[in-house]
Amino acid sequence: MLPVTDFEDAWQAWRDTRETRLRGPRGWLAIIAIHWLTDTPERYADVPGAWSGTATAATVTLDAGEALTVAGRLLETGTHDLGPVDEEGVRVEFGDAVADVADRDGRTIVRPRHPDSPTLRAYRGTPCYAPDPAWALPGHFTAYDGPRGEAIGEVTFTHDGAEHRLVAWDDDEGGLWILFRDATSGVTTYPANRQLVVDPPAPDGTVTLDLNRAYNMPCAYTDFATCPLPPPENTLPFPVEAGERIPAFS
């Protein structure tokens, strides 16, 4: 365990980085719409072109004077196919704005992000519980023997003498990704859930659940995000008074 001052400094550095990303001109708060594409071309006021889409791709037709940039490639007048796209998708740039073109449950979306987004202008910050080393809980990760959807295992830990389990997913960098609710959900924290990224387990399965770094899903900041929900077993019966609280807007 880090000394308290080092622990608080490390948490504050994490918090500052998180807040800077939230306030960025291309972050979640910059999203101004989500357009669900169909096979009928349609124009939108917040992104150039006439757009249509299938389950895995998008087509955009640009008129004279319209342009998009995709991975450094300039697209001008004419019809252009973008895809196949996955959940991460591709990003198109235009002026000082961007738009994500991605798959969502078998449909293609276009989601513009503008630096003058009303949501970004109204954002006043995300309050947090004060960091407390007592919320950095030791745990143990046990991998599943076989597939259980996309979940890869469970983390077991003890709080106030009682054992609890949380289903975990791979965070794509060797660590664990956990979605959870608790007794603060809908009271002081975002109702749907919060998320936690856990460092890779030690060879013996040991992990640390630093709930001071529990943070909001994008859906806490915009109605134009599509976020997963935790399984019922990831609802903790006690209040996790650590990490991010409900964001503040003017």
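The values are calculated or read from the model by the stated rules, or taken from the named source; none is laboratory data. Note that the coordinates shown come from a computational prediction; the quantities given were computed from them, not determined experimentally. We place every Cβ from the backbone using ideal geometry, glycine too, and count neighbours over all the protein chains shown. Ligands, DNA and RNA are stripped out before the accessible areas are found, and what is left, the full protein with its side chains, is counted by its heavy atoms. Shrake-Rupley method; radii C 1.70, N 1.55, O 1.52, S 1.80 Å.
Assorted remarks:
- Residue match in region 116-130 (condition: acidic (Asp, Glu), closer than 30 Å to residue 201 by Cβ and either outside any strand (DSSP E or B) or touching a residue at least 12 places away in the same chain (Cβ under 8 Å) (or both)): no
- Within the set 51, 28, 36, the sole residue that is in contact with a helix residue (DSSP H, G or I) (Cβ under 9 Å, 6 or more places away or on another chain) and at pLDDT 95 or above turns out to be 28.
- Here region 23-49 is the region considered, the condition is being among the charged types (D, E, K, R) and over 25 Å from the mean Cα position of the chain (by Cα), and the residue that is least open to solvent (accessible area, probe 1.4 Å) is 42.
- Checking the stated criteria, residue 102 turns out to be under 30 Å from residue 62 (Cα atoms) and touching a residue at least 12 places away in the same chain (Cβ under 8 Å).
- Pairs are defined by a Cβ separation below 7 Å, a sequence spacing of at least 6 or placement on different chains, a first member in region 37-59 that is at positive phi, and a second member that is buried (at least 16 other Cβ atoms within 10 Å of the Cβ) and at pLDDT below 95; no pair meets this definition.
- Selected residue (criterion: farthest from the chain's Cα centre (by Cα)) from residues of region 198-241 that are among the aromatic types (Phe, Trp, Tyr) and under 30 Å from residue 109 (Cα atoms): 224
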